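Engineer: My questions all concern the structure below.
No value in this document is a laboratory result; all are computed from the given coordinates. These numbers were taken from a predicted model, which means no experiment stands behind them. Because the Cβ atoms are built from the backbone with ideal geometry, glycine has one as well, and the counts that use them run over all protein chains shown.
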Amino acid sequence: MLNIKVILLLPLLVLIILYLPKLRNRTFYRLSLIGISALGILFVLFPSLTDKLAHFVGVGRGADLVTYLFITFFFIAGIAFYSKMRKLEEQQTELVRKIALRDAQKLNHP
């Protein structure tokens, strides 16, 4: 039977190996990926650390703390992705308008 630590560490290591090369010139994202993965690896290897950290911030268990952080992170990420999607939609709309106006001018002035 596989140890739970191996099961939890493998996706974190695969994440680093697969995505770090794709973030060539994006220093902030690279550091974020490394930091979050390193924190995940640290919490997997030393689970008592999450309990100590949880007690320090006033949460009962380390698992609860990780869950709260996970929910908060995905809420913030969802808002960031939504904001980025809206910006891309606005840019796309502006581009389509410019192309339509350009093509309309070509049709009117042969």
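Engineer: Among the lysines, which have Cα under 28 Å from the Cα of residue 84 when same-chain residues fewer than 8 positions away are ignored?
Structural biologist: Filter leaves 22, 98.
Engineer: Given a Förster distance of 25 Å, report the FRET efficiency between residue 87 and residue 18 from their Cβ-Cβ distance, rounded to the nearest 0.05. Could you put the intermediate results ahead of the total?
Structural biologist: Numbers: r = 27 Å, r/R0 = 1.06.
Rounded to the nearest 0.05, the efficiency is 0.40.
Engineer: Under the Karplus relation 6.51 cos²θ - 1.76 cosθ + 1.60, θ = phi - 60°, what is the ordered set of whole-Hz ³J(HN,Hα) values for the range 68-76, x standing for Gly and Pro?
Structural biologist: Taking θ as phi minus 60°, the curve returns 4, 5, 4, 4, 4, 4, 6, 5, 5 Hz for the range 68-76.
Engineer: Using only the Cα atoms of the range 60-107, what do you get for the radius of gyration and for Dmax, in Å?
Structural biologist: For the range 60-107, the Cα radius of gyration and maximum Cα-Cα distance read 20.8, 70 Å.
Engineer: For helix 4-19, report the angle its Cα long axis makes with the longest principal axis of the Cα atoms of the chain; keep it between 0 and 90° and round to the nearest 10°.
Structural biologist: 30 degrees
Engineer: Right, something else. Run through the range 1-52 and list the trypsin sites (Lys or Arg not before Pro) located in a DSSP loop whose Cβ has at most 11 other Cβ atoms within 10 Å. If you can, show how the numbers build up before the last one.
Structural biologist: Details: sites: 5, 22, 24, 26, 30, 52; in loops: 22, 24, 26.
Within the range 1-52, the qualifying trypsin sites (Lys or Arg not before Pro) (loop, at most 11 other Cβ atoms within 10 Å) are 22, 24, 26.
Engineer: Let me ask something else. Would you kindly derive the ³J(HN,Hα) couplings of the range 44-52 from the backbone phi angles with the Karplus curve 6.51 cos²θ - 1.76 cosθ + 1.60 (θ = phi - 60°), listing them in order in whole Hz, with x for Gly and Pro?
Structural biologist: 6, 6, 10, x, 5, 5, 5, 5, 5
Engineer: Give, to the nearest whole percent, the P(r) tail of the chain beyond 16 angstrom, counting all Cα pairs. Mind dumping the intermediate values first?
Structural biologist: On the way: 4477 of 5995 pairs.
That fraction is 75 percent.
Engineer: Let me have the 222 nm mean residue ellipticity of the chain computed from DSSP H runs of 4+ only, each contributing -39500 (n - 2.57), with the sum over all residues rounded to the nearest 500.
Structural biologist: Details: 4 runs with 93 residues, N = 110.
It lands at -29500 deg cm²/dmol.
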